[in-house]
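Read-outs: derived from the displayed coordinates by stated rules, not from any lab. A quick note: this is a predicted structure, and the numbers were derived from the prediction, not measured.
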Amino acid sequence: MATSEPGFMLLDEHFHPVAFNFAAIEILAFPTKADRIKQANVFLDDKIRSSLLTRQGKHTPEFVREYRSGARRYICRTFRLDCNIAVKSAFAVALLLERHTSSADALSELTHQFDLTGRESETVSLLLEGLTSKEIANRMHISPNTVKAFLRLVMVKMDVSTRSGIIGKIVGPLN
């Protein structure tokens, strides 16, 4: 799978795909190559019913919260859309498949992005575990003042002013 782009589908009131992006097909077709799927609507319709829709009630559909595609995990988020159509049952569902990233993955990306040294990265990793400066110092066999110096350097590189700012850059917005 070449993309980490989120998969997106718009479903009608019967949960049939109305619109979708190529990433949705890539995610749901894996390990089959997405370009080998000849009838995308039929494929997606089947995949929605077999893998994404857990229970279909009259008014409240339930979709899985997580979908596995090979070794990757995707968070499945759905949004009900009320349409401006005169038909009383007309509504649609927007379905978003976002790749789940762990804090370790995010830390690895940020280490590269902000050019953190190995010791700075190790300090941030221990900070993510919720350790205090003194506890981090004991684990790393350095002084608490050195830990504070590492954290200050990381704050400068990440353009944040607090320890929680570092964590916020790694964890990202919580929706």
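For this structure, a couple of remarks:
- Cα gyration tensor shape for segment 1-41, rounded if a/c is under 1.5, else prolate or oblate: oblate
- Hull volume in cubic angstrom per residue (convex hull over the Cα atoms of segment 103-171): 71 Å³
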